[in-house]
Amino acid sequence: RFLQNFQGNESTPAVLFHLGTAYYNLKQYEEAITNYQRLCSDFPDTEFVAPALFNAGLCYKKTSKLSEAAAVYAKFIEQYPKDKMVNDALLELVAIYKDQFRYNLAIPAINNLLTKLDAADESRLELIYSLAECYTEMDDEKSSIDQYLKLRAMTPANNVYRLRALAKLGEMYENKKDWVKAIDIYKDIAQNTDREDWRTAVKERIEVISEGMKKK
């Protein structure tokens, strides 16, 4: 009734936003989107537009409309590059692009996010690992190796994404029959992992590779 009778009231944007949020919490995502879209189109200069746009992306994602979600997040990032939620929007966008196998779009989104993170932010390791995965999916082994090597130089040494990167590197070097580099990588894992099963596995690989090298 309020929205019908008092269309010009200054509280209308707030009501639309809270209605959208209420519908979201009720899992009525289409209704939520309708309210968020109306807010964004009718009241583009209000403080509620940025969170409404971000929430609309979540609604589209909940209804498996990934292309629509990606478009909303991309718009959010373009219009609100300094918003506190921009990093979250970039993460959502990366996840969608990877789900859609659009790695050529995921890569610049990841790089964009990396520029916004502090050099000491440990989440950078996960993002660089994700970047390497994208290059692998695109059959760009050189770029993938470059990212894994970048991770090797990062700290903390026992970070799970750093160690996963080393495991991938070790496998790649084995496939290239570059046994010396493979052993060096596996020694790094053995020295820095907190997991005994990983340490045991790489030590076994070192022994196997070393024995094979002696026979040549």
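We did not get these values from a lab; they are worked out from the coordinates using the rules stated. Everything quoted here is computed from the prediction, not taken from an experiment. Note: ideal-geometry Cβ built from the backbone for every residue, glycine included; neighbour counts use all protein chains shown.
Each residue, residue 88 and residue 119, gets one label point 7 Å from its Cα in the Cβ direction; the gap between the two is 2.9 nm. I want to check the label-to-label distance for residue 213 and residue 101. Put each point 7 Å from Cα in the C-beta direction and report it in nm to one decimal. Calculated label separation equals 3.9 nm.
Sparsely packed loop sites in region 11-66 (the GluC sites (Glu not before Pro) outside DSSP H, G, I, E and B with at most 11 other Cβ atoms within 10 Å) comprise 47.
Working from Cα pairs under 8 Å separated by at least six residues, relative contact order for the chain is 8 percent.
Each Cα pair under 8 Å and six or more residues apart adds its sequence gap; the mean of these over the residue count of region 117-216 is a relative contact order of 18 percent. The aspartates and glutamates whose alpha-carbon is closer than 16 Å to the alpha-carbon of residue 142, local same-chain residues fewer than 8 away aside, are 133, 171, 174, 178. Of all lysines in the structure, those lying under 18 Å Cα to Cα from residue 82, and not within fewer than 8 positions of it along the same chain, are 116.
Considering only 147, 64, 14, whose Cα is most displaced toward the positive end of the charge dipole of region 1-151, charges sitting on Cβ of Lys, Arg (+1) and Asp, Glu (-1)? Among 147, 64, 14, the one farthest towards the positive end of the dipole of region 1-151 is 14.
Counting other Cβ atoms within 10 Å, which chymotrypsin sites (Phe, Trp or Tyr not before Pro) in region 42-132 have at most 12 and lie in a DSSP loop?
Qualifying residues, ordered by number: 101.
Annotation: amide H-H contacts under 5 Å for residue 140 (H modelled 1.01 Å from N, sequence separation of 5 or more, or interchain): none.
Does region 4-158 classify as rounded, prolate or oblate by the C-alpha gyration tensor (a ≥ b ≥ c root eigenvalues; a/c under 1.5 gives rounded; else a/b over b/c gives prolate, otherwise oblate)? It is prolate, given that a/c is not under 1.5 and a/b is the larger ratio. A full extension of the chain between residue 15 and residue 155 corresponds to an added length of 45.7 nm, given 0.36 nm per residue minus the alpha carbon distance. According to the square roots a ≥ b ≥ c of the eigenvalues of the Cα gyration tensor, what is the shape class of region 117-216, taking rounded for a/c under 1.5, prolate for a/b larger than b/c otherwise, and oblate for the remainder? Oblate, since a/c reaches 1.5 and b/c is not below a/b.
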